[in-house]
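Visitor: Take this structure first; my questions come after.
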Amino acid sequence: MEFIEKNCSGGLDTLLTENNSVFSLGQRQLLCLARAIIRKTKILVLDEATANIDLETDNFIQEKLKSSFKGCTVLIIAHRLATVIDADRILVMGDGEAKEYDHPFLLLANSPEDTSVCKRGADGELGFFAKMVEATGGETAL
């Protein structure tokens with residue numbers, strides 16, 4: 001709300017256009033999220049929705065997604081693991097193919113033969129999602 005007051009002489013009544021340069025990319029993302037909340041959108045697609053914002057705003061958006069879109073279908077395309085870790089299901093893509101699909105906990109679950117945080121397949125290799133978590137470090141990923 002503060003950025004609207006600072007950047008728009010007409011406040012909430014300001015006409016916004018596609019090429020409106022008054023707002024940063026991150027601010028435009030927040031406006032789109034607000035529009036989806038107001039419209040009570042039942043299906044929401046987010047493509048790198050938190051890529052151009054700071055960590056505090058990212059956390060704000062994650063909380064709004066959880067609280068405002070319960071019972072809705074939200075498809076999130078993301079590179080930040082924290083963006084998708086609370087998802088009901090994660091589809092891991094690699095080389096243009098679906099590599100893994102399951103609940104995040106199950107993608108990371110320990111197997112009986114493994115004492116590490118991430119599950120390993122029959123060949124002893126980490127799954128794709130587990131490799132991403134391991135590469136970023138557990139604390140960074142979550």
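Read the figures in this text as sums done on the coordinates, not as results from a lab. Keep in mind the model is a prediction, meaning the values are calculated, not measured. Here the Cβ positions follow ideal geometry from the backbone for every residue, glycine too, while neighbour counts run over all protein chains shown.
Visitor: Using modelled amide H (1.01 Å from N, peptide plane; none on Pro or chain starts), what sits under 5 Å from the amide H of residue 53, excluding residues fewer than 5 places away?
Guide: When sequence neighbours closer than 5 places are left aside, there are no close amide H contacts.
Visitor: Stretched out fully, how many nm does the piece from residue 35 to residue 56 gain, at 0.36 nm a residue minus the Cα gap?
Guide: 5.5 nm
Visitor: Let me ask another. Near the amide H of residue 109, under 5 Å away, which other amide H atoms are found, from residues 5 or more places off or on another chain, if H is placed in the peptide plane?
Guide: So residue 109 has HN proximity to 119.
Visitor: How large is the Kirkwood hydrodynamic radius of the range 1-110, counting all unique pairs of alpha carbons, in Å? Intermediate values should be presented prior to the final figure.
Guide: Working: mean 1/r = 0.0635 Å⁻¹.
Averaging 1/r across every pair of different Cα atoms and inverting gives 15.7 Å.
Visitor: Grab the beta carbon distance between residue 8 and residue 48, set R0 = 25 Å, and tell me the FRET efficiency rounded to 0.05. Can you show the working numbers first?
Guide: Numbers: r = 25 Å, r/R0 = 1.01.
For residue 8 and residue 48, the calculated efficiency is 0.50.
Visitor: Cα-Cα over 23 Å: which of 64/131; 42/99; 6/42; 99/131; 6/70?
Guide: Working: 64/131 28 Å; 42/99 27 Å; 6/42 31 Å; 99/131 12 Å; 6/70 32 Å.
Correct reply: 64/131; 42/99; 6/42; 6/70.
Visitor: Counting only residues 5 or more places away or on other chains, whose amide H sits under 5 Å from the amide H of residue 44 once H atoms are built in the peptide plane?
Guide: Under 5 Å from the amide H of residue 44 lie the amide H atoms of 73, 74, 75, each far enough along the sequence or on another chain.
Visitor: Among 129, 105, 23, rank each residue by its count of other Cβ atoms within 10 Å, from fewest to most, as a rough exposure measure.
Guide: Values: 129 25, 105 8, 23 16.
Fewest to most other Cβ atoms nearby, the residues stand as 105, 23, 129.
Visitor: What is the calculated FRET efficiency for residue 25 to residue 125, with r their C-beta to C-beta distance and R₀ = 41 Å, to the nearest 0.05? Could you put the intermediate results ahead of the total?
Guide: Numbers: r = 38 Å, r/R0 = 0.92.
According to the calculation, E is roughly 0.60.
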